[in-house]
Amino acid sequence: SQRGDLIASQPRDGKVLLLKADDNQDGRSDETLVLMDNLKRPHGLELHGEWLYIAESHAIGRIKFNHDSGSTEGDYTQIITGLTDDGNHWSKSIRIQDNYLYVSMGSTCNVCEETDERRATIMRFDLDGNNGIIFARGLRNSVGLDFAPWDSSLYATDNGRDLLGDDYPVCELNKIEQDAFYGWPYINAFGDLDPDFGEGKEELTQTSKSPAFG
């Protein structure tokens, strides 16, 4: 928060905590408080102005947050509903930039073709949850996302698929561009066709985005 308190989520307990800043300089948080409870697997958090945004596994909500008192005010409202959380990757990560809310939504599986087109994507919404679009596709599970301080570009990690060996395919750091496709489930790493889903998808190696780092 603006006064140096730390806000953390506890997905399995359904809670969002406030760890007060170490004002007495003893090396520990001065107090731990429960800001929100009875949520469904909250994961991603974002402070923006007077709002605290919370990414539950099935919805994105927000509540007013007083930075001076370190407390919430008013009611918690889910502004995006109907997100799916079945399968392997249920967590949702969020970031805000230029009055847009970005939401990452991982795949249901290790490697498959999804029936819900929103899975394995990063989506973008207005700050009130309206006008949602799929911003980028082919991202198996981008839990980490943030904006670069040097040019405000969006970057996201992506966890590579399993069961192809200890060190392959590499996990990725991708520069996220609107309407771009990042390969999953057909292409791994730097243009390698997936052994299970890559057959007949050779043309995608020409158009899918390779990692910025992997």
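The values are calculated or read from the model by the stated rules, or taken from the named source; none is laboratory data. All values derive from a computational prediction rather than experimental measurement. Cβ sites come from the backbone with ideal geometry, for glycine too, and all protein chains shown count toward neighbours. Protein only, heavy atoms only, side chains kept; ligands, DNA and RNA dropped before computing areas. Shrake-Rupley method; radii C 1.70, N 1.55, O 1.52, S 1.80 Å.
Worth a mention:
- With respect to being part of a loop (DSSP other than H, G, I, E, B) and open to solvent by less than 30 Å² (accessible area, probe 1.4 Å), L35 falls outside the description.
- Flag if L52 is without any contact (Cβ under 8 Å) to a residue 24 or more places away in the chain, of a type outside the set (V, I, T) and within 27 Å of T84 (Cα to Cα): no
- Residues that are among the polar types (S, T, N, Q) and within 20 Å of D167 (Cβ to Cβ) were ranked within the range 186-214; the one that is least open to solvent (accessible area, probe 1.4 Å) is N188.
- For the residues R95, R118, R140, the requirement of being in a loop (DSSP other than H, G, I, E, B), buried (at least 19 other Cβ atoms within 10 Å of the Cβ), touching a strand residue (DSSP E or B) at 6+ places or on another chain (Cβ under 8 Å) and at negative phi singles out R140.
Rundown of residues vs (1) among the β-branched types (V, I, T); (2) over 24 Å from I54 (Cα atoms), yes/no style:
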{"site": "T115", "(1), (2)": "yes, yes"}
{"site": "L127", "(1), (2)": "no, no"}
{"site": "I134", "(1), (2)": "yes, no"}
{"site": "R137", "(1), (2)": "no, no"}
{"site": "N141", "(1), (2)": "no, no"}
{"site": "G144", "(1), (2)": "no, no"}
{"site": "S153", "(1), (2)": "no, no"}
{"site": "A156", "(1), (2)": "no, no"}
{"site": "A189", "(1), (2)": "no, yes"}
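- Applying the set (1) open to solvent by less than 10 Å² (accessible area, probe 1.4 Å); (2) farther than 24 Å from D86 by Cβ to G183 leaves exactly one unmet item: (2).
- Tabulated pairs, the range 3-25, first farther than 12 Å from S69 by Cα and of a type in the set (S, T, N, Q), second modelled with pLDDT of 95 or more and assigned to a loop (DSSP other than H, G, I, E, B), C-beta under 7 angstrom, 6+ apart or interchain: S9/P42; S9/H43
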